Amino acid sequence: MEYLDTDSVRLSNDENSVIIIDQTKLPSETVYLSLNTAEEIFDAIKLLKVRGAPAIGICAGYAVYVLAKQMRANSKDELVSRVQKIAEYLGSSRPTAVNLNAALSRMTNTLCNAQGNVCELLEILKAEAVAIHEEDIAMCRRIAKYGLTLVKSGDGILTHCNAGALATSRYGTGLGALLLGKEKGYDFKVYVDETRPLLQGARLTAFELDRAGIDVTLVCDNMAGYLMSKGYINAVFVGCDRVAVNGDTANKIGTLSAAVLAKHFCVPFYVFCPSTTIDYSIPDGNAIPIEMRNGEEIRSMFCKRSIAPDVKCLNPAFDVTPAELITAIVTDRGICRPPYTASLSSLIC
Ligand code: MRU
């Protein structure tokens, strides 16, 4: 599959820009963008040209390196203060996914703690950005292996949003087990929620799975109850943007509805995430900031003309699924089961 061999985010060969696949253009066009300025990177994140919690983190790491190079700073102090300002600016582009600010803090902390002249410090920043990227690839592979132990060939799986290679590196999180299973000859039937309003399921997940040769059926978000009531779904697989210490999990709006349905129909509900998506600083889901997006996205985005009258639209981009609805959280360090406060804490060693 094309996107398993390349990256949705990478550093350009001349190291002067961050290259992304413009995810708003998929699946009809594959357009690569070369981002050179802080404003271009901010907009790419805000407008979901690059999206998915881990991919945003990788983009942020490379962005700090590329922008730090352009600063032509004369001293470590100058470099640190300008990088901190850029990190604050980029960090305000989207609030929910923890990976964005975690990657920016990692880059600034590395810089603050490093010794050397400006050239050496830039090399250290580059190494850190590459490490964030490479660690994500390795984490996705481990998540996929753990995830595959939860299902068997022939299973029907429901997905929501997109947690594949585009949202991360290579395999993805929520889709990783399905792609790995395909490689090993498993025969899944995957039902893909279209994921209103921005259609990450229809545009991206259906595209990625179809390209991988997996049996995909696209459904509207409100069809999940029907599918479960008919016994088509053996498990729900979703990614996530932030996990609180107690296991409450923020993911794309509509995930909560799928989890409630899964509980009712006794379908296991699995959340997939790299350990970098666990926010040990917050006790529960109430502390997760939920991004509110422009209501116009509901009315007219991806439609040739407006599909609704000029009424108010409410557009929260994420919801929080309470821990009690989650069967297991599948991480690169193992599969966590309730009680999550204990199992998630045991991942830190
Ligand atoms: O608004 P998006 O498209 O960035 O939302 C993405 C999701 O909700 C994903 O499920 C999540 O980031 C996990 S990606 C591995």
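Taking region 229-242 as the range and being open to solvent by 10 Å² or more (accessible area, probe 1.4 Å) and either outside the structural domain of I282 (by TED's automatic domain parsing) or outside any loop (DSSP other than H, G, I, E, B) (or both) as the test, the residues that pass are S229, R242.
Looking at A323, is it under 22 Å from K252 (Cβ atoms), away from the ligand (no atom under 16 Å from the Cβ) and touching a Pro at 6+ places or on another chain (Cβ under 7 Å)?
Values: under 22 Å from K252 (Cβ atoms): yes; away from the ligand (no atom under 16 Å from the Cβ): yes; touching a Pro at 6+ places or on another chain (Cβ under 7 Å): yes.
Here the answer is yes, as A323 does meet what is asked.
Residue check: L90 meets all listed conditions (1) touching a Phe, Trp or Tyr at 6+ places or on another chain (Cβ under 7 Å); (2) more than 16 Å from the ligand (Cβ to nearest atom) but one, namely (2). Checked against the criterion of being in a helix (DSSP H, G or I), farther than 27 Å from L347 by Cα and either within 16 Å of the ligand (Cβ to nearest atom) or open to solvent by less than 40 Å² (accessible area, probe 1.4 Å) (or both), region 109-120 contains one or more residues that satisfy it.
Can you tell me how many residues in region 309-328 are assigned to a loop (DSSP other than H, G, I, E, B) and within 30 Å of P339 (Cβ to Cβ)?
Residues that pass the stated criteria total 4.
Considering region 67-78, the residues that are surrounded by fewer than 19 Cβ atoms within 10 Å (Cβ to Cβ) and aliphatic (A, V, I, L, M) include one that is farthest from the ligand (Cβ to nearest atom), namely A73. Go over the candidates I56, I41, I19, I86 one by one and state the one that is in a strand (DSSP E or B), open to solvent by less than 60 Å² (accessible area, probe 1.4 Å) and not charged (D, E, K, R). Result: I19 is the single residue among I56, I41, I19, I86 that is in a strand (DSSP E or B), open to solvent by less than 60 Å² (accessible area, probe 1.4 Å) and not charged (D, E, K, R). Quick one: which of S306, S257, S343 is assigned to a helix (DSSP H, G or I) and open to solvent by 50 Å² or more (accessible area, probe 1.4 Å)? Just a single option satisfies the conditions, and that option is S257.
Only one residue in S81, S8 is free of Cβ contacts under 8 Å to residues at least 12 places away in the same chain and open to solvent by less than 60 Å² (accessible area, probe 1.4 Å). Which one?
Numbers: S8 fails: free of Cβ contacts under 8 Å to residues at least 12 places away in the same chain.
Only one candidate passes the filter, namely S81.
Yes or no, residue by residue, for (1) over 12 Å from S169 (Cα atoms); (2) more than 16 Å from the ligand (Cβ to nearest atom); (3) under 15 Å from the mean Cα position of the chain (by Cα); (4) not aliphatic (A, V, I, L, M):
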residue: T30; (1), (2), (3), (4): yes, yes, no, yes
residue: L35; (1), (2), (3), (4): yes, yes, no, no
residue: A53; (1), (2), (3), (4): no, no, yes, no
residue: A60; (1), (2), (3), (4): yes, no, yes, no
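Within region 140-162, residues that are without any contact (Cβ under 8 Å) to a residue 40 or more places away in the chain have Cβ atoms under 6 Å from residues that are not in a loop (DSSP other than H, G, I, E, B) in these pairs: A144/G176; A144/A177; A144/L180; L148/A177; L148/L180; L148/G181, counting only partners at least 6 apart in sequence or on another chain. Taken together, the criteria exclude V245 from residues that are surrounded by fewer than 23 Cβ atoms within 10 Å (Cβ to Cβ), farther than 20 Å from L344 by Cβ, assigned by TED's automatic domain parsing to the domain that holds D187 and more than 15 Å from the chain's Cα centre (by Cα). Taking region 309-327 as the range and being more than 21 Å from the chain's Cα centre (by Cα) and either surrounded by 16 or more Cβ atoms within 10 Å (Cβ to Cβ) or closer than 15 Å to P197 by Cβ (or both) as the test, the residues that pass are V311, K312, C313, L314. Only one of the listed residues (T276, T341) is within 16 Å of the ligand (Cβ to nearest atom), over 25 Å from R196 (Cα atoms) and hydroxyl-bearing (S, T, Y). That residue is T276. Looking only at residues of region 180-195 that are touching a residue at least 40 places away in the same chain (Cβ under 8 Å) and either farther than 14 Å from V238 by Cα or in contact with a Leu (Cβ under 6 Å, 6 or more places away or on another chain) (or both), we find that the one that is farthest from the ligand (Cβ to nearest atom) is K189. When region 177-189 is filtered for residues that are closer than 12 Å to V151 by Cα and either part of a loop (DSSP other than H, G, I, E, B) or in contact with a strand residue (DSSP E or B) (Cβ under 9 Å, 6 or more places away or on another chain) (or both), the ones remaining, listed by number, are A177, L178, Y186, D187, F188, K189.
The values are calculated or read from the model by the stated rules, or taken from the named source; none is laboratory data. This structure is a prediction, so every number in the text was calculated from the model and none was measured. Because the Cβ atoms are built from the backbone with ideal geometry, glycine has one as well, and the counts that use them run over all protein chains shown. When the accessible area is computed, the model is the full protein with side chains, heavy atoms only, and any ligands, DNA or RNA have been set aside. Shrake-Rupley method; radii C 1.70, N 1.55, O 1.52, S 1.80 Å.
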